[in-house]
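Student: Sharing a structure, written as structure tokens. Questions coming.
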Amino acid sequence: MLQSSGQGDGPSTSGSEQASSYVGQIVAPGDIVLDLTQAGKLVRIGGGLQQDGTSLVVTKAGRLRHTKPSKYWVEGSQRRYVPAVEDVVVGVVVERYAEHLVIDIGGPVTALLPALAFEGATRRNKPNLNIGDSVYARVTSTSRDTEPTLACHDASGRAAGFGPLAKGYLFQCSTGLARTLLSRPTCAVLEALGGGLSFELAVGMNGKVWVDAASAAITVLVANAIINSEFLSPTQAKIMVKSLLKQVQQP
Amino acid sequence: MSSQGSLRKDGRTFNQLRGMVCDRGLLHRADGSAKWSQDGTSVLVGVYGPKNMPPKREDPEKAVLEVLWKPKSGIQGPEEREAEIILRRTLEAVVLAPLFPRAGISVVVQVIHDDGSLLSCAINAACAALVDAGIPMTGLLASVTIALAKRDDGAGGGAHLQLDPTREEQDGAQATVCLALETTPKAATSNGSVEGEAVVTSTTRGAMAIEEYLEALDRCRMASRTINAFARLSLDKAQRRLELPGT
Amino acid sequence: MGEENAVKTPGDILGRVSEYTSGRGTHVRGDHICASIVGQQSISAPAAGASDKAQLPVIEVINGKERSAVPETGSTVTAKVVRIDHRKATADILCVGLRAVTQKFTGIIRQQDVRATEIDKVEIATSFRPGDIVRAEVLSLGDARAYYLSTAKNELGVVFAKSPAGVRMVPVSWEKMQCPKTKVIELRKVAKT
Amino acid sequence: MDSQLEAEAFKRIYPEEYFQRFLSEGTRPDGRPLGRARSTTIGFGAVSTADGSALVKIGSTTLLAGIKLEVMTPTAEAPDAGKIAATFEMPPLCSPDARPERRLEETSVVVQQVMNAIESAGLVNTKELLISTGKAAWVAYLDIYCLDADGSLLDAALLAAVAAFADLTLPPVRVNPEGHVLPVLSGAQGGNLRENGDASSEVVTVERRKLTLGAMPWAATIGLYKGHLIVDPTAEEEALLESTVTTILDEAGRLISLFKPGGITAVTTALIQDCVELTRHRARELKQILEESSQEDEDEGDESQ
Amino acid sequence: MEYVSPEGLRLDGRRPKEVRQLKCELAVLHRADGSAYLEMGNTKVLATVYGPHEVSQRSQSLHDRALVHCEYSMATFSTGERRRRPKGDRRSVELSLVIRQSMEAAILTHLLPRTQIDIYVQVLQADGGTRAACINAATLALADAGVPMRDLVASCAAGYLNGTPLLDLNYVEDSAGGPDLTVALLPKAEKVTLLQMDSKLPLDTFEAVLGLAMDGCKAIAAHMRQALLEHTRKQAVVRGPVRL
């Protein structure tokens, strides 16, 4: 048994070998998807589920998913970002203190970025970030009651691409789209854009996306292409990017 | 009131709800939204959060729910202020607020048109919007208003119960009852209750016999199942639409 | 001036500074000791072994309202956690020993005062939650706003906590508590009972 | 170890457990059985500057209601009726809770529900507030002040409103041809009213008169807590309750209101019937208290004359 | 208009140097730390005290003494004309300040640093002399709350009509347009903490009126002291002997 983290991403005792009959179906809050008394070992539960006595109850709408041996979760779309450890995020500095920065990452509460959580930072040599600056960081801890903490270095202390994001343009997209943008292999829209243009991009799991390119026109184009791609199939996305590229390339 | 046999002015039977429409995710800047219409009555609800709260208003043990009720036009009056409070306490019955300590969840209600049964329409809309926002909840709610039409003199018999009344029916009624009910979930276990859907919220206007109230409650229970079935259908549709690209 | 146990009101002259020492519920105006609250007058013998000045009997005015218990260094208190951050937990002190306090006293449990061992590994978020009831010892008066509290003993720590489902959790070890309803396990610095 | 704590200390640390200990023995922290309301008193005519007033106490919950009459021109839709306008005030002195937004919330709900009950029960026939059709009518401004907010405010506010209307006296007036309403100096009750009308005034009312009240609504708030039904909860109890149901009945047993504004427990039909039953009992009790108090009030009035 | 009859009686039957009937009740509201209900003739006021407690707005906290906060308000039906006074209108701001300053003169604020004391005064029925009645009620509520004071504060008004100094004016006398002098006094120390007058008055008459008002204060102080003693004795009987 492990402890539960903020989102109830924890385990549950008992359970059954037989999967719930609701797996793959769309479920709504309050639905009882599994009777835990029907024998079984350990059932692991993820987001959108909660144990109530001997029942497994849905708390968020979505599709019930199941992986063997016995992990259940509800796959839904939550637009509001809820931080999880090791997520990469893009945030904006909202407050500055001697020891730490307060960063808005669009979550339920603001995050805390210690002034020393940068590659090579010391008490004397801290990065100079001001209110309103963007930063690309990694979530290092979350807890229900304290702010999530961030770091601008990887586990070994290297910058690894994290850090302040100078200039550029920051925009918001859905967390679902952000996930697509971050997925491997590279999603269609980014591949298409990358084929024709050169730009810098930082995508946070929190749906904040930062773009910088040589000209404002290209920056705006990239941003628009990304936002437009949300409800398009890969083929549609490629066509959309192509037509956008044509517009810029024509004098 | 209704001269043609057992039909109402708009052609409905006494026990018939108006046509429902629910659109989810209309507001792009909100974390969740839903527009719920019952023919002429229509409410748009946006949900924002869980989000940062000013330290003065936060609760260290749970998320704070706030409701803002915007009338169709003009500014908030005492009635709207009361509706705001009733709606908030109703939603508190289902929102799992302890999961987000110190955060806030805002529910913004915009009345688009009021042709009767407004509070019910707003509760249904708010519930759909919270689901759309992915706010963890213990279950779904369904709300129904019912009107007790004045007895026709000489006609004898009890008051007619008119489900989901229009503004005109509501204003002409001897009494109205607005209820928000828990819905019966899909269940893998068979320990369903036999008592029927329990009442989360009840407000009434006008005088009636206790028996009339209880009869109204039973009618509302039946109607709430229709509403719940509709809400789930609309949820299914919305979910499928979201899943379409990408996969 | 007054017979023992006479009821006095603010401003009433109780005696002269040359006759008595001014005690609780009194104040000095010129040469006189006057009542400052409504209550019964009481005269008690001077504290033994005190300085010359204290040789005079102490005159007091006492009202029926019970005086609040006040936390002192070393006393065991029961407090409710109201806020936590990465460095400390802030708590309202509810009781000193077995007595309730009627005034508001704030206590702070710093990261280094949570437990006795592996102090550097302590995380506040896995030790306390807002709403928890903790038993703690008063370390010092702290700053002007709060007492410093410590839970660094076996019998100190969380004595009562509710799960998110609103159910009283049961301790399963010295650092874990479980919700009987949802079976969720949460981390705490649990007090040994 | 917990059992060694002082009662007061135990209550502060474990308020719910403290409450549950009482409930499990069928009683409450103030010694009442679960189904009993606190002792209730009504003082009529508490404020002489008002046209009707009442001081209501339910336990330590204390409310003062006053009605002031003002003349208005009736609306075109209802040329033969006056109207009632109500407010409910919770000045900061009524509660140690310093948060004004909490009080604001409570006041909006209470005033709406009190007006709803008065209208639904038909307590006041607004046509009785007419002075002269199309020209002049009374507006009864009902202002209810909460002086001590110790729970079940809606019950107390409605009782205070009903009692203030029972105490209300319409002063004698006359209307002159221009439609101006003038006070009438009538013998003994002249006081400092001054006669300043002319002889051509059309006298509409000569005597001071009381309203003929319709059905009186009686309210009982019932708190729900872990399956217990707690009648007339105090503020301390309200802070712990899962939800409340306020049932309002009139003398004929008609349901005037069943008000349950959300809360974390939902109620079944059986529970609603239990609440109605408890309210029936309380309604009889309140009716008797009102009658006895108004009898005493009259007796005192007779003695003083 | 004749305010004093040839027989030397006023409109309400009092003699010129007579205060109205005073009635006080202590600890009338159980949720407050201290409360008092006071009637001066037909003027009825209710005062409650919360505190000393933590300062609600930290920035206002005083390190060397207690913060005294006072709010005065009037019920809409307390006067002849119904008036809805928005909170914070000019009269209530002024009166809140007057009451606060009078009380601050008596409270031993230096004994209660970094705390706050709230005084709320509500006028339920007004028939002249509300200012004085509010101050008297506030003193009693503070005494009931056990807030340490150097003395009670007693207040009374006096005026001058028909060539006669009149004590404790009622509404009709108050509205007659004559001078109205309100005095608040620490009676044991004989220190004036408040002196307010509108209209004008020859200096020698002023002294007579002031002297009358001060006499009124002393009479009222004696009455309030009596009420406090009786209340405390009653309490002692209820509670049993005081534990020392």
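The values are calculated or read from the model by the stated rules, or taken from the named source; none is laboratory data. Computed from a predicted structure; not experimentally measured. Here the Cβ positions follow ideal geometry from the backbone for every residue, glycine too, while neighbour counts run over all protein chains shown.
Student: Can you work out which of the residues in the stretch B:22-57 that are of a type in the set (A, V, I, L, M) and over 17 Å from the mean Cα position of the chain (by Cα) is farthest from the other protein chains (Cβ to nearest Cβ)?
Tutor: Here the residue is B:Leu26.
Student: Of the residues in the stretch D:255-272, how many are free of Cβ contacts under 8 Å to residues at least 60 places away in the same chain and not in a strand (DSSP E or B)?
Tutor: Qualifying residue count for the region: 10.
Student: Follow-up. Conditions first: (1) under 21 Å from D:Cys146 (Cβ atoms); (2) more than 14 Å from chain C (Cβ to nearest Cβ). E:Val93 passes all but one, so which condition is the exception?
Tutor: (1)
Student: Among (1) closer than 23 Å to D:Ile144 by Cβ; (2) at pLDDT below 95, which single condition is E:Leu62 missing?
Tutor: Going through (1) closer than 23 Å to D:Ile144 by Cβ; (2) at pLDDT below 95 one by one, E:Leu62 breaks only (1).
Student: For the structure I just gave you, tell me whether D:Leu55 is touching a residue at least 60 places away in the same chain (Cβ under 8 Å), assigned to a strand (DSSP E or B) and in contact with a strand residue (DSSP E or B) (Cβ under 9 Å, 6 or more places away or on another chain).
Tutor: Criteria met by D:Leu55.
Conditions tested, residue by residue: (1) of a type outside the set (D, E, K, R); (2) within 22 Å of E:Val28 (Cβ to Cβ); (3) in contact with a His (Cβ under 6 Å, 6 or more places away or on another chain); (4) crowded, with 24+ Cβ neighbours inside 10 Å.
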position	(1), (2), (3), (4)
E:Ile117	yes, yes, no, yes
E:Ala137	yes, yes, no, yes
E:Val172	yes, no, no, no
E:Lys191	no, no, no, no
E:Pro202	yes, no, no, no
E:Phe206	yes, no, no, no
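Student: Here is a further query. Being without any contact (Cβ under 8 Å) to a residue 60 or more places away in the chain and within 12 Å of chain E (Cβ to nearest Cβ) is the filter; apply it to the stretch D:76-89 and report the residue that is farthest from E:Val28 (Cα to Cα).
Tutor: Ranking the qualifying residues of the stretch D:76-89, first place goes to D:Ala85.
Student: For the stretch A:136-166, enumerate the residues that are charged (D, E, K, R) and within 14 Å of chain C (Cβ to nearest Cβ).
Tutor: Within the stretch A:136-166, A:Arg144, A:Asp145, A:Glu147 qualify.
Student: Another question about this same structure. Among the residues of the stretch C:128-171 satisfying the criterion of being within 15 Å of the chain's Cα centre (by Cα) and among the aromatic types (Phe, Trp, Tyr), which is surrounded by the fewest Cβ atoms within 10 Å (Cβ to Cβ)?
Tutor: C:Tyr148
Student: Taking the condition of being facing chain B (nearest Cβ under 8 Å) and either surrounded by fewer than 21 Cβ atoms within 10 Å (Cβ to Cβ) or touching a Lys or Arg at 6+ places or on another chain (Cβ under 9 Å) (or both), how many residues in the stretch D:97-118 meet it?
Tutor: Matching residues across the stretch D:97-118 total 5.
Student: Okay, next question. Kindly list the number of the only condition in (1) more than 11 Å from chain C (Cβ to nearest Cβ); (2) more than 17 Å from E:Val49 (Cα to Cα) that fails for E:His110.
Tutor: So the condition that E:His110 fails would be (1).
Student: Let me ask something else about it. Every residue in the stretch C:87-105 that is more than 22 Å from C:Lys65 (Cβ to Cβ), crowded, with 17+ Cβ neighbours inside 10 Å and within 10 Å of another protein chain (Cβ to nearest Cβ), please.
Tutor: C:Ala89, C:Thr90
Student: Go through the stretch A:1-91 and tell me which strands (runs of 3 or more DSSP E), entirely inside it, have 3 or more residues that are modelled with pLDDT under 90.
Tutor: Counting at least 3 such residues, we get A:43-45, A:49-52.
So that you can scan it fast, the table gives a plain yes or no per residue for (1) more than 14 Å from chain C (Cβ to nearest Cβ); (2) of a type in the set (A, V, I, L, M):
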{"position": "D:Leu5", "(1), (2)": "no, yes"}
{"position": "D:Ala9", "(1), (2)": "no, yes"}
{"position": "D:Tyr14", "(1), (2)": "no, no"}
{"position": "D:Tyr18", "(1), (2)": "no, no"}
{"position": "D:Ser24", "(1), (2)": "yes, no"}
{"position": "D:Arg32", "(1), (2)": "yes, no"}
{"position": "D:Arg36", "(1), (2)": "yes, no"}
{"position": "D:Phe44", "(1), (2)": "yes, no"}
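Student: So, one more: So how many residues does the stretch A:25-38 have that are in contact (Cβ under 8 Å) with a residue 24 or more places away in the chain and more than 8 Å from every other protein chain (Cβ to nearest Cβ)?
Tutor: Of the residues in that region, 2 qualify.
Student: Okay, moving on. Could you list, in sequence order, all residues of the stretch E:5-34 that are more than 30 Å from D:Val56 (Cβ to Cβ) and of a type outside the set (Lys, Arg)?
Tutor: If the condition is that a residue be more than 30 Å from D:Val56 (Cβ to Cβ) and of a type outside the set (Lys, Arg), then E:Ser5, E:Pro6, E:Glu7, E:Gly8, E:Leu9, E:Leu11, E:Gly13, E:Pro16, E:Glu18, E:Val19 are the ones that fit.
Student: If you go through the stretch E:83-100 one residue at a time, how many are exposed (fewer than 13 other Cβ atoms within 10 Å of the Cβ) and at pLDDT 95 or above?
Tutor: Total satisfying the criteria: 1.
Student: Another question, then. Pick from A:Glu191, A:Glu147: which is surrounded by 15 or more Cβ atoms within 10 Å (Cβ to Cβ) and not hydrophobic (A, V, I, L, M, F, W, C)?
Tutor: From the options A:Glu191, A:Glu147, the qualifying one is A:Glu147.
Student: Could you list, in sequence order, the residues of the stretch C:107-157 that are assigned to a strand (DSSP E or B) and within 14 Å of chain B (Cβ to nearest Cβ)?
Tutor: If the condition is that a residue be assigned to a strand (DSSP E or B) and within 14 Å of chain B (Cβ to nearest Cβ), then C:Ile133 is the only one that fits.
Student: Something else about it: Take D:Ala54 and decide whether it is touching a Phe, Trp or Tyr at 6+ places or on another chain (Cβ under 7 Å) and either within 14 Å of chain E (Cβ to nearest Cβ) or within 30 Å of E:Gly88 (Cα to Cα) (or both).
Tutor: Judged against the criteria, D:Ala54 is a match.
Student: Looking at this structure, is D:Met72 closer than 30 Å to D:Ala137 by Cα and under 16 Å from the mean Cα position of the chain (by Cα)?
Tutor: Against the criterion (closer than 30 Å to D:Ala137 by Cα and under 16 Å from the mean Cα position of the chain (by Cα)), D:Met72 does not qualify.
Student: Just to check your reading of the model, which residue among B:Pro60, B:Pro78, B:Pro98, B:Pro71 is of a type outside the set (Phe, Trp, Tyr), surrounded by fewer than 18 Cβ atoms within 10 Å (Cβ to Cβ), touching a residue at least 12 places away in the same chain (Cβ under 8 Å) and at the interface with another protein chain (Cβ under 8 Å from one of its Cβ atoms)?
Tutor: Residue meeting the stated conditions: B:Pro60.
Student: Quick check on my filter: what residues within the stretch B:223-241 are touching a residue at least 40 places away in the same chain (Cβ under 8 Å) and more than 7 Å from every other protein chain (Cβ to nearest Cβ)?
Tutor: Matches in the stretch B:223-241: B:Ala223, B:Ser224, B:Arg225, B:Thr226, B:Ile227, B:Asn228, B:Phe230, B:Ala231, B:Ser234, B:Ala238.
Student: Same structure, new question: Taking D:Pro183 and the conditions (1) in contact with a Leu (Cβ under 9 Å, 6 or more places away or on another chain); (2) at pLDDT 90 or above; (3) within 14 Å of chain E (Cβ to nearest Cβ), which numbered condition does it fall short on, given that it satisfies the others?
Tutor: Of everything listed in (1) in contact with a Leu (Cβ under 9 Å, 6 or more places away or on another chain); (2) at pLDDT 90 or above; (3) within 14 Å of chain E (Cβ to nearest Cβ), D:Pro183 misses just condition (2).
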